[in-house]
1. For Cys39 and Leu5, calculate 0.36 nm times their separation in residues minus their Cα-Cα distance, and state this gained length in nm to one decimal.
2. If I take R0 = 22 Å and measure r between the Cβ atoms of Glu90 and Met63 in this structure, what FRET efficiency does the formula 1/(1 + (r/R0)^6) give, to the nearest 0.05?
3. Leaving out ligands, DNA and RNA but keeping every protein chain, what accessible area does Val67 have, in Å² rounded to the nearest 10, with a 1.4 Å probe?
4. Could you name the lysines whose alpha carbon sits less than 20 Å from that of Lys15, not counting residues in the same chain fewer than 8 places away?
Amino acid sequence: MASGLVRIALECDKKASKKAAGKLLEEPVWRAYCNGRKCGYGLRRECGPEEARVLRALEPVSMGAGVLPGNSEGLGGGEEIEGDVPGQGELMYMRARFERVIGSKDSEAFYMMNPDRSGGPELSFYLLRV
(Lines give C-alpha, C1' and ligand atoms only; values in the text may rest on other atoms or scores of the structure.)
Protein backbone atom coordinates (compact mmCIF):
# COMPACT_ATOMS: atom_id res chain seq x y z
CA MET A 1 0.00 0.00 0.00
CA ALA A 2 3.03 2.26 0.22
CA SER A 3 2.88 2.61 -3.55
CA GLY A 4 -0.71 3.88 -3.58
CA LEU A 5 -4.25 2.63 -3.91
CA VAL A 6 -4.93 -1.12 -3.50
CA ARG A 7 -8.17 -2.60 -4.83
CA ILE A 8 -9.07 -6.19 -4.04
CA ALA A 9 -12.00 -7.66 -5.93
CA LEU A 10 -13.58 -10.97 -4.97
CA GLU A 11 -15.93 -12.49 -7.55
CA CYS A 12 -18.25 -15.45 -7.27
CA ASP A 13 -20.57 -17.09 -9.77
CA LYS A 14 -24.28 -16.35 -9.95
CA LYS A 15 -26.56 -19.29 -9.32
CA ALA A 16 -28.85 -20.43 -12.15
CA SER A 17 -32.09 -19.73 -10.25
CA LYS A 18 -32.85 -16.43 -8.53
CA LYS A 19 -34.02 -18.23 -5.37
CA ALA A 20 -30.61 -19.89 -4.99
CA ALA A 21 -28.88 -16.52 -4.51
CA GLY A 22 -28.40 -15.98 -0.77
CA LYS A 23 -26.47 -13.33 1.11
CA LEU A 24 -23.37 -12.22 -0.73
CA LEU A 25 -21.06 -12.67 2.29
CA GLU A 26 -22.15 -16.31 2.61
CA GLU A 27 -20.78 -17.40 -0.79
CA PRO A 28 -18.30 -20.28 -0.32
CA VAL A 29 -15.78 -19.75 -3.21
CA TRP A 30 -14.32 -16.52 -4.63
CA ARG A 31 -11.91 -15.59 -7.45
CA ALA A 32 -9.46 -12.95 -6.21
CA TYR A 33 -8.06 -9.96 -8.12
CA CYS A 34 -5.61 -7.35 -6.86
CA ASN A 35 -5.56 -4.07 -8.82
CA GLY A 36 -7.16 -5.84 -11.78
CA ARG A 37 -4.81 -8.83 -11.92
CA LYS A 38 -6.01 -12.31 -11.03
CA CYS A 39 -4.11 -13.44 -7.95
CA GLY A 40 -5.85 -16.60 -6.73
CA TYR A 41 -8.99 -17.59 -4.92
CA GLY A 42 -10.62 -17.41 -1.52
CA LEU A 43 -12.71 -19.85 0.49
CA ARG A 44 -15.23 -19.16 3.21
CA ARG A 45 -14.47 -21.08 6.38
CA GLU A 46 -15.42 -21.08 10.01
CA CYS A 47 -13.24 -19.63 12.75
CA GLY A 48 -11.08 -22.39 14.25
CA PRO A 49 -8.97 -22.43 17.43
CA GLU A 50 -5.92 -20.82 15.74
CA GLU A 51 -8.00 -17.98 14.31
CA ALA A 52 -9.75 -17.47 17.66
CA ARG A 53 -6.34 -17.23 19.37
CA VAL A 54 -5.18 -14.56 16.90
CA LEU A 55 -8.42 -12.58 17.33
CA ARG A 56 -8.00 -12.67 21.13
CA ALA A 57 -4.42 -11.38 20.75
CA LEU A 58 -5.69 -8.48 18.61
CA GLU A 59 -8.58 -7.48 20.92
CA PRO A 60 -6.70 -4.56 22.52
CA VAL A 61 -5.59 -3.21 19.11
CA SER A 62 -8.03 -0.57 17.85
CA MET A 63 -6.13 0.48 14.73
CA GLY A 64 -2.77 -0.21 13.11
CA ALA A 65 -0.62 -2.85 11.48
CA GLY A 66 2.08 -5.17 12.70
CA VAL A 67 3.42 -8.70 12.93
CA LEU A 68 2.48 -11.42 15.39
CA PRO A 69 5.19 -13.96 16.17
CA GLY A 70 4.95 -17.38 14.54
CA ASN A 71 4.98 -19.28 17.80
CA SER A 72 2.64 -18.93 20.76
CA GLU A 73 4.64 -16.04 22.28
CA GLY A 74 2.26 -13.14 22.66
CA LEU A 75 -0.75 -15.16 21.52
CA GLY A 76 -1.77 -16.26 24.99
CA GLY A 77 -1.19 -19.99 24.46
CA GLY A 78 1.31 -22.46 25.83
CA GLU A 79 1.78 -24.69 22.81
CA GLU A 80 3.48 -24.11 19.49
CA ILE A 81 1.36 -23.38 16.45
CA GLU A 82 1.48 -26.42 14.17
CA GLY A 83 4.40 -26.37 11.73
CA ASP A 84 6.09 -23.42 13.46
CA VAL A 85 9.77 -22.85 12.73
CA PRO A 86 11.53 -20.23 14.88
CA GLY A 87 11.80 -16.96 12.95
CA GLN A 88 9.26 -18.07 10.36
CA GLY A 89 5.49 -18.19 10.18
CA GLU A 90 4.88 -14.71 11.49
CA LEU A 91 1.41 -13.33 10.86
CA MET A 92 1.02 -9.82 9.46
CA TYR A 93 -2.15 -8.02 10.50
CA MET A 94 -3.91 -4.77 9.78
CA ARG A 95 -6.78 -3.43 11.83
CA ALA A 96 -8.76 -0.44 10.63
CA ARG A 97 -12.24 0.98 10.29
CA PHE A 98 -14.03 0.09 7.06
CA GLU A 99 -17.08 1.72 5.55
CA ARG A 100 -19.53 -0.76 3.99
CA VAL A 101 -21.44 0.24 0.85
CA ILE A 102 -24.14 -2.08 -0.51
CA GLY A 103 -24.66 -1.50 -4.23
CA SER A 104 -27.18 -4.31 -4.84
CA LYS A 105 -27.84 -7.89 -3.75
CA ASP A 106 -24.91 -8.84 -6.01
CA SER A 107 -22.34 -6.19 -5.04
CA GLU A 108 -20.83 -4.74 -1.88
CA ALA A 109 -17.74 -2.70 -1.16
CA PHE A 110 -15.63 -2.08 1.93
CA TYR A 111 -13.48 1.06 2.02
CA MET A 112 -10.74 1.49 4.61
CA MET A 113 -11.25 4.84 6.30
CA ASN A 114 -7.97 6.64 6.94
CA PRO A 115 -8.23 9.04 9.91
CA ASP A 116 -4.94 10.80 9.05
CA ARG A 117 -5.84 11.99 5.56
CA SER A 118 -8.88 13.58 4.04
CA GLY A 119 -8.22 11.80 0.71
CA GLY A 120 -9.95 8.67 -0.54
CA PRO A 121 -9.40 5.18 0.82
CA GLU A 122 -6.05 3.47 0.24
CA LEU A 123 -7.55 -0.02 0.47
CA SER A 124 -10.85 -1.16 -1.02
CA PHE A 125 -12.53 -4.58 -1.13
CA TYR A 126 -15.22 -5.29 -3.72
CA LEU A 127 -17.48 -8.33 -3.49
CA LEU A 128 -19.23 -9.13 -6.77
CA ARG A 129 -21.58 -11.90 -7.87
CA VAL A 130 -21.19 -12.24 -11.67
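The values are calculated or read from the model by the stated rules, or taken from the named source; none is laboratory data. What you are looking at is a predicted structure, and each value in this text was computed from that prediction instead of being measured. Methodologically, a virtual Cβ is constructed for each residue, glycine included, from the backbone with ideal geometry; neighbour enumeration extends over all protein chains shown. We work out accessible area using only protein heavy atoms, side chains counted, and drop any ligands, DNA or RNA first. Shrake-Rupley method; radii C 1.70, N 1.55, O 1.52, S 1.80 Å.
1. 10.6 nm
2. 0.65
3. 90
4. Qualifying lysines at Cα under 20 Å: Lys23, Lys105.
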